[in-house]
Amino acid sequence: MNDLPLKIMALDVGDRTIGVAVGDDLGIAAHPVETIRRTRPPADIRRVLELVAERRITRILVGHPRMLNGTIGIQADKVEAFVEHLREATPLPIILWDERFSTTAAERTLIESGLTRAKRKKVIDQAAAMFFLQGYLDHLSLGGSAD
């Protein structure tokens, strides 16, 4: 990689929405950004790239939803198709990261914080992205591979 600081964006790609989170400038903490309402693949990719430019992102982490036994399911196939479109649109490194249990953990955290069901529904995807991004940042801080 070049001399740019590592600035990571995480995407939790679903059928209707894409949750977005980013790491701070020090690569220590993940923060929620927004939930993109999906319309068409070109528009979805365009919005992701706008956020990449606005936040000077140097790497994209995409949640890879595996089955409990670690195998690839239908949703993972859909995410991989989205990633292929994204790879065609940007030269940035894109990493698929196991996101099993991220939505469940995010939901539990939001419930514990006292958010109503309606408010949780609005932020759950970005919270899930934040959750697995934090796991990735922790992995890096412990000397794990960036790939």
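The values are calculated or read from the model by the stated rules, or taken from the named source; none is laboratory data. Quantities reported herein were computed from a predicted structural model and do not represent experimental measurements. In this analysis, Cβ positions are derived from the backbone assuming ideal geometry, glycine residues included, and neighbour counts consider all displayed protein chains.
Are any residues in segment 50-87 of a type in the set (A, V, I, L, M) and more than 22 Å from ILE8 (Cα to Cα), and if so, which ones? Those that are of a type in the set (A, V, I, L, M) and more than 22 Å from ILE8 (Cα to Cα): MET67, LEU68, ILE72, ILE74. Of all residue pairs spaced 6 or more apart or on separate chains, those with beta-carbon atoms under 6 Å, a first member in segment 107-132 that is part of a helix (DSSP H, G or I) and a second member that is of a type in the set (Ser, Thr, Tyr) and buried (at least 16 other Cβ atoms within 10 Å of the Cβ) are ASP125/THR17; ASP125/THR35; GLN126/THR35; ALA128/SER102; ALA128/THR103; PHE131/SER102; PHE132/SER102.
For segment 72-88, the candidate set comprises residues that are surrounded by fewer than 15 Cβ atoms within 10 Å (Cβ to Cβ) and in contact (Cβ under 8 Å) with a residue 40 or more places away in the chain; within that set, the residue that is nearest to THR58 (Cα to Cα) is HIS85.
Quick one: which of ASP44, ASP24 is crowded, with 16+ Cβ neighbours inside 10 Å and either among the polar types (S, T, N, Q) or at negative phi (or both)?
ASP44
Taking segment 99-147 as the search range and keeping residues that are within 21 Å of ILE28 (Cβ to Cβ) and among the charged types (D, E, K, R), which one is modelled with the lowest pLDDT? Here the answer is ASP147. Per this entry, ASP138 is not counted among residues that are in a loop (DSSP other than H, G, I, E, B) and within 17 Å of the chain's Cα centre (by Cα).
Residues of segment 21-54 that are touching a Ser or Thr at 6+ places or on another chain (Cβ under 8 Å) and more than 25 Å from GLY144 (Cβ to Cβ): THR35, ILE36, ARG37, ARG38, LEU49. Filter segment 52-94 down to residues that are closer than 13 Å to LYS7 by Cα, among the β-branched types (Val, Ile, Thr) and not in a loop (DSSP other than H, G, I, E, B) and give me whichever is nearest to the chain's Cα centre (by Cα). Across segment 52-94, the extreme among qualifying residues is ILE60. Within segment 26-55, residues that are within 21 Å of VAL123 (Cα to Cα) and touching a residue at least 12 places away in the same chain (Cβ under 8 Å) reach partners that are surrounded by 16 or more Cβ atoms within 10 Å (Cβ to Cβ) and aromatic (Phe, Trp, Tyr) with beta carbons closer than 9 Å, at six or more positions or on different chains, in the pairs ALA30/PHE131; ALA30/PHE132; ALA30/TYR136; ASP44/PHE82; ILE45/PHE82. Considering only residues in segment 1-25 that are touching a Pro at 6+ places or on another chain (Cβ under 8 Å) and in contact (Cβ under 8 Å) with a residue 60 or more places away in the chain, the one that is nearest to ASP125 (Cα to Cα) turns out to be GLY19.
Here THR103 fulfils each of the conditions (1) over 17 Å from the mean Cα position of the chain (by Cα); (2) surrounded by 12 or more Cβ atoms within 10 Å (Cβ to Cβ); (3) part of a helix (DSSP H, G or I) apart from (1).
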